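Derivation of every value follows stated rules applied to the coordinates shown; laboratory data play no part. These numbers come from a predicted model, not from an experiment. A quick note on method: Cβ atoms are made from the backbone with ideal geometry, for glycine too, and the neighbour counts reach across all protein chains shown.
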Amino acid sequence: MIIHTVAFKTRHAIGSEEEKEFLRAGIALGKLPMVTNFKCYKQVSQKNDFQYGFFMEFASQDAYDAYNGHPDHVQFVETRWKPEVEDFLEIDYVDHDMT
C-alpha cells in the first residue's frame, strides 16, 4: 500500500468561495476508483504555514501510477493546482519493514 499525502497553502483568502471551490475540486479526486480512504484535513499546527492536507491510499504502485496519469488528476493539477497553490509538500509512504 502507498499512502500519499500533500500539505498545501492556497493563494485564496481563508474561507473564501474560491478556496472552497478549490477544495471541492480536490476532494472530487477521492472518487476515482483507484483511490481509497481519501481525507481532506485542515492544518492546525503553528510549526508551518500550510493550511490543508489531502490524504489518500493506494493498494499498489500500479494504482498510484494510474491515479497520477488519470485525466481528471492531470486536469486538476494543470488547471487548479498549479495556478491556485502557493506552496506544498508532498510525501508518499510505504510500510517500512524493520525485520
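Can you compute the charge dipole magnitude of the stretch 50-99 about its Cα centre, using +1 on each Lys and Arg Cβ and -1 on each Asp and Glu Cβ, nothing else charged? Give it in debye, rounded to the nearest 20. All intermediate terms of the calculation are to be shown ahead of the outcome.
Working: 2 positive and 12 negative charges, 40 e Å.
Rounded to the nearest 20 debye, it is 200 debye.
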Bins of 10 Å, starting at 0 and running to the largest distance - Cα pair percent for the stretch 45-99: 17, 42, 31, 10, 1
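Which of the trypsin sites (Lys or Arg not before Pro) found in the stretch 24-58 are loop residues per DSSP with 13 or fewer other Cβ atoms within 10 Å of their Cβ?
Details: sites: ARG24, LYS31, LYS39, LYS42, LYS47; in loops: LYS47.
Passing both the DSSP loop test and the Cβ count: LYS47.
Relative contact order of the chain, please, whole-number percent, based on alpha carbon pairs below 8 angstrom and at least 6 residues apart.
Values: 146 pairs, mean separation 45.3, N = 99.
Relative contact order here is 46 percent.
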Farthest toward positive dipole pole in the stretch 2-94 [+1 Lys/Arg, -1 Asp/Glu at C-beta], among GLN43, GLN75, ILE27: GLN43
Shape metrics for the chain, restricted to C-alpha atoms - Rg then Dmax, Å: 14.0, 49
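Roughly how big is the stretch 2-94's charge dipole about its Cα centre, with Cβ charges of +1 (Lys, Arg) and -1 (Asp, Glu), in debye to the nearest 20? Display every interim value, and only then the final one.
Values: 10 positive and 15 negative charges, 61 e Å.
Computed about the Cα centre, the dipole is about 300 debye.
Neighbouring Cβ atoms within 10 Å as the yardstick, rank THR79, THR99 fewest first. Mind dumping the intermediate values first?
Values: THR79 11, THR99 2.
Listed from fewest to most nearby Cβ atoms, that is THR99, THR79.
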For GLU17, GLU86, order by how many other beta-carbon atoms lie within 10 Å, fewest first: GLU17, GLU86
Residue-count net charge about ALA28 - beta-carbon cut-off 12 Å; Lys, Arg +1, Asp, Glu -1: +1
